[in-house]
Amino acid sequence: MSQDSIHIRGAKQNNLKNIDLDLPLNALTVVTGVSGSGKSTLAFDILYAEGQRRYVESFSAYARQFLERMDKPDVETIEGIPPTIAIDQSRAVKTSRSTVGTMTELHDHLKLLFSKIAVLYCRGCSRVVEKDTPQTVFKKLSPEGAPLVLTFPFAVPPLSWEEVKAGLLQAGFHRLLQGQNILNLEEVQEPPKGERDLEVVVDRFTYQAEARKRITDSLEQAFHFGKGKLHLYFPGENWRCEPFSDRLHCPHCDISYYDPVPNLFSFNSPLGACETCRGFGRVIDIDMDLVIPDPSKSLSEGAIKPWVTKPRRFQRLMEFCERKRIPEKKPFMELSEKQKKLILEGDGEYKGVRGWFRRLERKSYRMHVRVFLSRYRTYLLCPQCQGTRLKPAALDFRIEGKNVAEINAMSVGEAHDFFEELKPPAPMDKVASLILDEIRRRLGYLAGVGLEYLTLDRQSRTLSGGELERVDLTTAIGSSLVNTLYVLDEPSIGLHPRDSHRLVEILHRLRSNKNTVVVVEHDPEIIKESDFIIDLGPKAGEEGGRVVFAGPYEDLLKNRDSLTAAYLTQRKAIPFPSSHRRPIARRTIKVFGAKANNLKSIDV
Ligand SMILES: [Zn+2]
Ligand SMILES: [Zn+2]
């Protein structure tokens, strides 16, 4: 038997009728046929199961116990099967930490790109914050011939003034700047008043482009003794002071910033995750709409629902109302904002509704308290990060004006345009340009399978089966495995027919890495663009399970037995049950005004 095929002999799994098949390797094969003809049995129960089983068996006995064991398919022999990966719609995503961005590894690439090329803006003054070096400071000097005084700020240590002076003199500094006066340090008899740092003069010079060496040496010295800070005074401009820092520090606002390490930009890392919601973007809180479900009720009528059954709470509330002159017989919604706030927040002595819930939460180890609390709890947008999941420190960094949360909130299409048009600040190092290429490529794949409308921060568990499968497909291409068998289950489901050719391109790309792709499909365009077609049938169930046709597309069209061929050549209009289901009147689910995610207010 040839080495370039997968050989299946005597397949009897489910309804398959003892079939023999040879599937070409490094090719795109479509398995088609009516629903129930045995397509999925062949693709998943045989090819995928056997590929996985052999892969698992290649591990040690110890490792095997941690891996899911597949049943041996009901087949006499299978030869030539490579390690197999299934991309289907059954993969359940449970964690809310999985998003389109994390699934596709775009999240990882974005955090790397941000750590490389993002620009930091001071949150106090919006100036660009960068680490200065003697060279960058020198470049910012002008005009030629300007007189300059270079100092560093020096915090006076808790020593006698004589000792402080001696230390500075020994280090070679002889002058202090005080206001607009330069003082001879030896003549200064007592420390200047006030808590401010001393301004120790390092050098006085006139700026000349030629004097680069001398000036940068002095700047270096000032950074060193100023622990990363230096001041340049311009006596000719009314002693204007220009501060510089060699760390991520805004010298104007005296705010220090984190270094842009990659994990600062990840909500899955403690370094980047918002401290209030720990990177979830939402917090559990008491929902006041549940606590006061009917604000037309007055307090005495029991507007505060959880206290209706708590006479002591109710009594204390009435006493509080009397003390604060809050009309307890007025509907809650007619109370002033100040009165409502007093009821909810209390006045310090009286703890209010929130205080009472806070106390309960400390007892939530008790089951009945937990059950009680759960009735009034809801998920709210995290007040700290506004749902961006990240620390403020991460959001101060921007690429082309966008922070990482704003990029995550973009749709695939928007992000694709954004990164295609991005002109990175030159010069960009090689690693950064590789990362940028990878981001562009992956966004291109996602757009390529018709998912432009998904936002990168969309939670994976809210994706439809077809969407999830196509996202997985793009990840598979991105991960560039070779000599692998990919088995896919109707990746065109939910895809607009006009996007079929783009899906075909992606499938071809997957194949081009010496991979073998087997797709269960009905889509005529995908069938047409495949290398090999297996048509199972002729009908469903016991009347199916036979190979009606196996071969290339041209031969399929000439085949008189294949229903698929008849359909493709329009000899017969055959309703394909699984992809074009006719609604059954009594079993339809009615949905009105569905607007979540990408639904645009549709009625089904
Ligand atoms: Zn600032
Ligand atoms: Zn948060």
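A few points about this structure:
- Looking only at residues of segment 406-423 that are touching a residue at least 24 places away in the same chain (Cβ under 8 Å) and in a helix (DSSP H, G or I), we find that the one that is surrounded by the most Cβ atoms within 10 Å (Cβ to Cβ) is V412.
- Yes/no for G167 being at pLDDT 90 or above, surrounded by fewer than 18 Cβ atoms within 10 Å (Cβ to Cβ) and within 16 Å of ligand 1 (Cβ to nearest atom): no
- Counting the residues of segment 15-30 that are assigned to a strand (DSSP E or B) and of a type in the set (A, V, I, L, M) gives 5.
- Hits in segment 488-505 - residues which are part of a helix (DSSP H, G or I) and either crowded, with 18+ Cβ neighbours inside 10 Å or among the small types (G, A, S) (or both): D499, S500, L503, V504
- Screening segment 475-486 for residues that are of a type outside the set (S, T, Y) and within 15 Å of N26 (Cβ to Cβ) and picking the one that is modelled with the highest pLDDT gives L485.
- Within segment 456-483, the residues that satisfy the criterion of being touching a strand residue (DSSP E or B) at 6+ places or on another chain (Cβ under 8 Å) and surrounded by fewer than 20 Cβ atoms within 10 Å (Cβ to Cβ) are Q459, L481.
- Restricted to strands (runs of 3 or more DSSP E) entirely inside segment 205-316, those with at least 2 residues that are modelled with pLDDT of 90 or more and within 16 Å of ligand 1 (Cβ to nearest atom) are 229-234, 240-245.
- In a residue-by-residue description of segment 520-535, the property of being at positive phi, assigned by TED's automatic domain parsing to the domain that holds G51 and not β-branched (V, I, T) applies to no position.
- Flag if L230 is in contact with a helix residue (DSSP H, G or I) (Cβ under 7 Å, 6 or more places away or on another chain) and within 16 Å of ligand 2 (Cβ to nearest atom): no
- Segment 115-146 - residue that is assigned to a loop (DSSP other than H, G, I, E, B) and charged (D, E, K, R) and, of those, farthest from ligand 2 (Cβ to nearest atom): E144
- L485 touching a Ser or Thr at 6+ places or on another chain (Cβ under 6 Å) and not polar (S, T, N, Q): yes
- Hey, P147 touching a Pro at 6+ places or on another chain (Cβ under 6 Å), modelled with pLDDT of 90 or more and surrounded by 12 or more Cβ atoms within 10 Å (Cβ to Cβ) or not: yes
- The lone criterion from (1) buried (at least 18 other Cβ atoms within 10 Å of the Cβ); (2) within 34 Å of the chain's Cα centre (by Cα) left unmet by H508 is number (1).
- Matching residues, segment 358-370, being under 33 Å from the mean Cα position of the chain (by Cα) and in a helix (DSSP H, G or I): R358, E361, R370
Results for (1) within 16 Å of ligand 2 (Cβ to nearest atom); (2) surrounded by 14 or more Cβ atoms within 10 Å (Cβ to Cβ); (3) more than 18 Å from N408 (Cβ to Cβ); (4) not acidic (D, E), shown as yes or no for each residue.
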{"position": "N238", "(1), (2), (3), (4)": "no, no, yes, yes"}
{"position": "P251", "(1), (2), (3), (4)": "no, yes, yes, yes"}
{"position": "D254", "(1), (2), (3), (4)": "no, no, yes, no"}
{"position": "Y258", "(1), (2), (3), (4)": "no, yes, yes, yes"}
{"position": "P262", "(1), (2), (3), (4)": "no, yes, no, yes"}
{"position": "L271", "(1), (2), (3), (4)": "yes, yes, no, yes"}
{"position": "V283", "(1), (2), (3), (4)": "yes, yes, yes, yes"}
{"position": "R312", "(1), (2), (3), (4)": "no, no, yes, yes"}
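- Meets criteria (in a loop (DSSP other than H, G, I, E, B), loosely packed, with under 15 Cβ neighbours inside 10 Å and small (G, A, S)) for G387: no
- Restricting attention to segment 392-404, the residues that are assigned to a helix (DSSP H, G or I), in contact (Cβ under 8 Å) with a residue 40 or more places away in the chain and surrounded by fewer than 23 Cβ atoms within 10 Å (Cβ to Cβ) add up to 2.
- Tally, over segment 285-297, of residues that are among the hydroxyl-bearing types (S, T, Y) and either surrounded by 16 or more Cβ atoms within 10 Å (Cβ to Cβ) or under 15 Å from the mean Cα position of the chain (by Cα) (or both): 0
- Selection from segment 397-411 of residues that are among the β-branched types (V, I, T) and within 12 Å of the chain's Cα centre (by Cα): V404, I407
- When segment 95-114 is filtered for residues that are more than 16 Å from ligand 2 (Cβ to nearest atom) and either of a type in the set (D, E) or assigned to a strand (DSSP E or B) (or both), the ones remaining, listed by number, are E105, D108.
- Boolean, D197 is closer than 18 Å to P147 by Cβ and in contact with a strand residue (DSSP E or B) (Cβ under 7 Å, 6 or more places away or on another chain): no
The values are calculated or read from the model by the stated rules, or taken from the named source; none is laboratory data. Worth saying up front: this structure is predicted, and the values here are computed from it rather than measured. Positions of Cβ are backbone-derived with ideal geometry, glycine not excepted, and every protein chain shown enters the neighbour counts.
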